[in-house]
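Report on the following structure.
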Amino acid sequence: RYAPVSDVRVRQAIALALDRQRILDLFYPSGSTLATHVPPCVIEGACVGDAWYAQDLVAARALLVEAGYPDGLDLTLSLRETPRAYLPDPVAVATDIQAQLSAVGINVVIDVQESGGYIGKLLSGELRGASFSAALPDYPEAWNSLGIDFGSTSGPAHGDQYPRLVALLDEAQRESDPGARASLFTKINNEIRTQVPVIPIANGASLIGARDVVRGLVASPVAMERLYEVSVEGSDAFTWLQIGRAHV
C-alpha cells in the first residue's frame, strides 16, 4: 500500500537480503525452527510448494536497482517491545535486521510503538513500511493459518488484498478432497513466495512449566494443549496460566 514496499521487487529484495537462520540461531530458544513456509509444518498439508528464499545479496541489490533504488532506500520497521514466544526479543531482532539490510543499501529506522495501540495500528493498516506480526491459528489447519490474513475477509494488516491469493484461498476453503487441497495450497504458498506480503522467519518453540504432580501435559506446537488429558496427583483441580489469563 505504501512506498517503497508497495513495489513487489522491493519486498522480494528484502526477503533475499535476510539471513533468517542467523536470526533463529541468535534470538530463538532451543526447539524453534526456521520457517520454510508461512504456516508451520506441524500443520498437515501446510508446507507444500517451494521453500522460502535463501539469502542472496547480489540478487537483492539487483532487484533494488530494477525498482529504481540504485542508491538504496529508507524503511521504517515498527514493533512493540513486548516479548512473545514467536518473538522473544523484538528490539534485538529488529536491530539485527537493521544491520543485515544495510548490506544492500536499505536504511532501517526502528520505530518502537506503545504496546497497547500497536496491534490496532497493525490490523488497520496504519503502519507504513514493515512491522512484526505473528500467526496463531484458531485450529491446526492449513486454510486457517492463511485465509484469515489473505482470504476474502482479510483486513489491511498486510496491505491491499492480493486477488489471486483471495481466489485460491476461497477455492481451498470449499475443497474437501486432500489431493485437490494439496494442489491448491502449493499454488497458495508459491503465490505468497512471489508476492511477499510477509516474510516468515521462525516457528517459536512452545515452552511449558508444570509442577511434578501434573500428568499428561504436552506442549502443543500450535498453542493448543489438550487439557482434557491432564490430571493432577491428589487433586481434582488443574490451574492453567496462559498469556496473563488463568483457567481452572
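The values are calculated or read from the model by the stated rules, or taken from the named source; none is laboratory data. In this text the structure is predicted, and so the values were computed from the model without any measurement. Because the Cβ atoms are built from the backbone with ideal geometry, glycine has one as well, and the counts that use them run over all protein chains shown. Keep in mind that these areas ignore ligands, DNA and RNA; they rest on the heavy atoms of the full protein, side chains included. Shrake-Rupley method; radii C 1.70, N 1.55, O 1.52, S 1.80 Å.
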- Could we say that Thr82 is at pLDDT below 95, surrounded by fewer than 16 Cβ atoms within 10 Å (Cβ to Cβ) and of a type in the set (Val, Ile, Thr) here? yes
- Item | Top-ranked residue of segment 85-109 - restricted to ones that are at pLDDT below 95 and in contact with a strand residue (DSSP E or B) (Cβ under 9 Å, 6 or more places away or on another chain), ranked as surrounded by the most Cβ atoms within 10 Å (Cβ to Cβ) | Leu87
- Only one of these is in contact with a Lys or Arg (Cβ under 8 Å, 6 or more places away or on another chain) and within 24 Å of Arg1 (Cβ to Cβ): Leu122, Leu165, Leu127, Leu146. Name it. Leu127
- Note on the structure: Here the residues within segment 161-183 that are open to solvent by less than 80 Å² (accessible area, probe 1.4 Å), without any contact (Cβ under 8 Å) to a residue 24 or more places away in the chain and either closer than 11 Å to Gly147 by Cα or in a helix (DSSP H, G or I) (or both) are Val166, Ala167, Leu168, Asp170, Gly179, Ala180, Ser183
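Residue-wise test of (1) within 30 Å of Arg181 (Cα to Cα); (2) assigned to a loop (DSSP other than H, G, I, E, B).
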residue	(1), (2)
Arg9	yes, no
Leu26	no, no
Gly49	yes, yes
Val65	no, no
Ile97	no, no
- Residue satisfying condition, being out of contact with any His (no Cβ under 6 Å at 6 or more places or on another chain), in a helix (DSSP H, G or I), open to solvent by less than 50 Å² (accessible area, probe 1.4 Å) and under 24 Å from Ala54 (Cβ atoms), within set Thr186, Thr194: Thr186
- Query: For residues in segment 197-212 being free of Cβ contacts under 8 Å to residues at least 60 places away in the same chain and of a type outside the set (Val, Ile, Thr), which is surrounded by the most Cβ atoms within 10 Å (Cβ to Cβ)?
  - Reply: Ala210
- Query: Which condition number in (1) in a loop (DSSP other than H, G, I, E, B); (2) under 17 Å from the mean Cα position of the chain (by Cα); (3) buried (at least 19 other Cβ atoms within 10 Å of the Cβ) is the one that Leu136 fails?
  - Reply: (3)
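Which residues, taken from segment 118-130, are in a helix (DSSP H, G or I) and open to solvent by 30 Å² or more (accessible area, probe 1.4 Å)? So that I can check it myself, show each step before the final result.
Narrowing segment 118-130 to residues in a helix (DSSP H, G or I): 118-124.
Within segment 118-130, Ile119, Gly120, Lys121, Leu123, Ser124 qualify.
What residue, among those in segment 31-45 that are touching a Leu at 6+ places or on another chain (Cβ under 8 Å) and assigned to a loop (DSSP other than H, G, I, E, B), is surrounded by the fewest Cβ atoms within 10 Å (Cβ to Cβ)?
The selected residue is Gly31.
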- Query: Taking Ala157 and the conditions (1) under 20 Å from Val42 (Cα atoms); (2) assigned to a helix (DSSP H, G or I); (3) not polar (S, T, N, Q), which numbered condition does it fall short on, given that it satisfies the others?
  - Reply: (1)
